[in-house]
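Submitted below is the structure of interest, expressed as C-alpha cells.
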Amino acid sequence: MFRSIARVSAVLACAFAAAAFAQTSAPPAAPPPPLMPITLAGDAERGSVIGQTCTGCHGIPGYYNAHPAYQVPMLGGQNADYVEVALQGYRRGTRGHETMQAQASSLSDQDIADVAAYFESFKGEAERPRTLASAEKIEAGRAKATTCAACHGAEGVAAAPQWPNLAGQHETFLQVALERYKSGQRVDMVMNPLIAQLDEQSIDELAAFFASQPHLHNTEP
C-alpha cells in the first residue's frame, strides 16, 4: 500500500514538474502591436464637452500629480494624432497611470478622436519656458537631443502629427515620462530601446532643453 502511495506521489510530482517546466519554458508573449492614430474625424466642439473632465487637472496651470510628484502635461496645441495614441495607450494599459487608465477606459474611439481634436484646436499663447536649469545644462540637452530631432523636431516641435510636441512641456513631466520609458512602465517599440541607454543626468538635460523651448500652453476652461 505504501509503495502504491509512493508511486502516486511520484507521478503527481512529475506532472507538477512538467507543468512548471512548460510554463517557464514557454516563449515570451509577443509585444502588443504599435498604436496608431484613430481613423475617425474628430469633432472639436463635442470634444470640448467631453474634455471638461480633463480640465480638472490639465486646465489648472502648474497642477501637480501627487505620486510621483510632477506637473501634469500641458495639452493646448498638442498634436491630435499623438493625443489619440496616448489615450489609446492608457485605455490598453501600456501607459501606467491609474487615473488616466480609468478615464480612458470609458472612452470610445470617437470620444478619443473628439477630445484630441479639441486639444489640438485650443487657442492660447505658448507658455514662457519654465526651467531653473543653467544655460550649460540646457545646451547639454540640446546636444543630446539630436537623436530626438528626427521625430520631435530640432526645437521640440514634432515633424509628424503622430508624435508629441515636446517644446514648452513641463520639465518634471518630461523627466517622469522618460524614466517610465526607461523602466518599461510606458511601452513603445521606438522609445523603449532609445531611452534604455540614457542615464539620469542625460534624462534631466533633455527635459531641461525641451522645457526651455516655447510652444505648448495650458488648456484653461
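The values are calculated or read from the model by the stated rules, or taken from the named source; none is laboratory data. Here the structure is a predicted model, which is why all the values come from computation and not from measurement. Cβ placement follows ideal geometry from the backbone for every residue including glycine, while neighbour counts extend to all protein chains displayed. Just so you know, the surface numbers come from the protein's heavy atoms only, side chains and all, with ligands and any DNA or RNA stripped out. Shrake-Rupley method; radii C 1.70, N 1.55, O 1.52, S 1.80 Å.
Using a 1.4 Å probe over the heavy atoms of the protein chains, calculate the carbon and sulfur portion of the accessible area of the range 175-221 as a whole percent.
Working: 1130 of 2210 Å².
Looking at the range 175-221 in its full context, I get 51 percent from C and S.
Can you work out the Karplus-derived ³J(HN,Hα) for every residue in the range 111-127? Use 6.51 cos²θ - 1.76 cosθ + 1.60 with θ = phi - 60°, whole Hz, and x for glycine or proline.
Whole-Hz 3J(HN,Hα) from phi for the range 111-127: 4, 4, 4, 5, 4, 4, 5, 5, 5, 5, 8, 4, 8, x, 8, 4, 5.
Using a 7 Å offset from the Cα along the Cα-to-Cβ direction at both LYS123 and ALA160, what is the distance between the two label points in nm, to one decimal?
That separation, rounded to one decimal, is 3.1 nm.
Mind listing the long-range amide H neighbours of TYR70? Cut-off is under 5 Å, sequence gap 5 or more, other chains count too, H placed in the peptide plane at 1.01 Å from N.
Those qualifying (amide H under 5 Å, at least 5 residues apart or on another chain) are ASN65.
Nearest 10 degrees is fine. How inclined is helix 200-211 to the longest principal axis of the chain, computing both from alpha carbons?
40
On to the next question. Each residue of the range 83-89 in order: what ³J(HN,Hα) in whole Hz does its phi give by Karplus 6.51 cos²θ - 1.76 cosθ + 1.60, θ = phi - 60°, with x for Gly and Pro?
Result, ordered by residue: 4, 4, 5, 5, 5, 5, x Hz.
Roughly how big is the chain's charge dipole about its Cα centre, with Cβ charges of +1 (Lys, Arg) and -1 (Asp, Glu), in debye to the nearest 20? Mind showing how you got there, number by number?
Working: 15 positive and 22 negative charges, 222 e Å.
Using only the charged Cβ atoms, the result is roughly 1060 debye.
Before I look further, what does the chain give for accessible area per residue, probe 1.4 Å, in whole square angstrom?
On the way: 12380 Å² over 221 residues.
Normalised by residue count, the accessible surface of the chain is 56 Å².
By what distance, in whole Å, do the Cα atoms of the range 97-221 stretch along each of the three principal axes, largest value first?
So the three principal-axis extents are 43, 34, 25 Å.
Could I ask something else about it? Leaving ligands, DNA and RNA out of it, report the carbon-plus-sulfur percent of the accessible area of the range 26-137 at a 1.4 Å probe.
Values: 3600 of 6290 Å².
It is 57 percent, rounded to a whole number.
Right, something else. Where a ≥ b ≥ c are the square roots of the eigenvalues of the C-alpha gyration tensor, would you call the range 109-167 rounded, which needs a/c under 1.5, or, failing that, prolate if a/b is larger than b/c, or oblate? Before the final figure, lay out the partial values.
Numbers: a/c = 3.44, a/b = 1.75, b/c = 1.96.
Oblate, because a/c is 1.5 or more while a/b does not exceed b/c.
Per DSSP H run of n ≥ 4, the term is -39500 (n - 2.57); total these for the chain, divide by its residue number, and report the mean residue ellipticity at 222 nm rounded to 500 deg cm²/dmol. Don't skip to the answer; put the middle values down first.
Details: 11 runs with 114 residues, N = 221.
Counting only the DSSP helices, I get -15500 deg cm²/dmol.
Okay, next question. At a Förster radius of 22 Å, what calculated FRET efficiency corresponds to the Cβ-Cβ distance of ARG92 and ALA66, to the nearest 0.05?
Values: r = 24 Å, r/R0 = 1.08.
Efficiency, rounded to the nearest 0.05: 0.40.
Need one number: the % of Cα-Cα pairs in the chain sitting beyond the 28 Å mark. Display every interim value, and only then the final one.
Details: 8892 of 24310 pairs.
Result for the distance tail: 37 percent.
Here's a follow-up. Return a whole-number percent for the relative contact order of the chain, with Cα pairs under 8 Å and 6 or more residues apart as the contact set. It would help to have the intermediate numbers written out before the result.
Values: 346 pairs, mean separation 60.3, N = 221.
Result for the chain is 27 percent.
Scan around GLY76 for amide H atoms under 5 Å from its own, H built in the peptide plane at 1.01 Å from N, and keep only partners 5 or more places away or cross-chain.
HIS217, THR219
In addition: Which whole-Hz ³J(HN,Hα) couplings does the range 46-51 yield from phi under the Karplus relation 6.51 cos²θ - 1.76 cosθ + 1.60, θ = phi - 60°, glycine and proline marked x?
Residue by residue, the range 46-51 yields 5, x, 5, 6, 4, x Hz.
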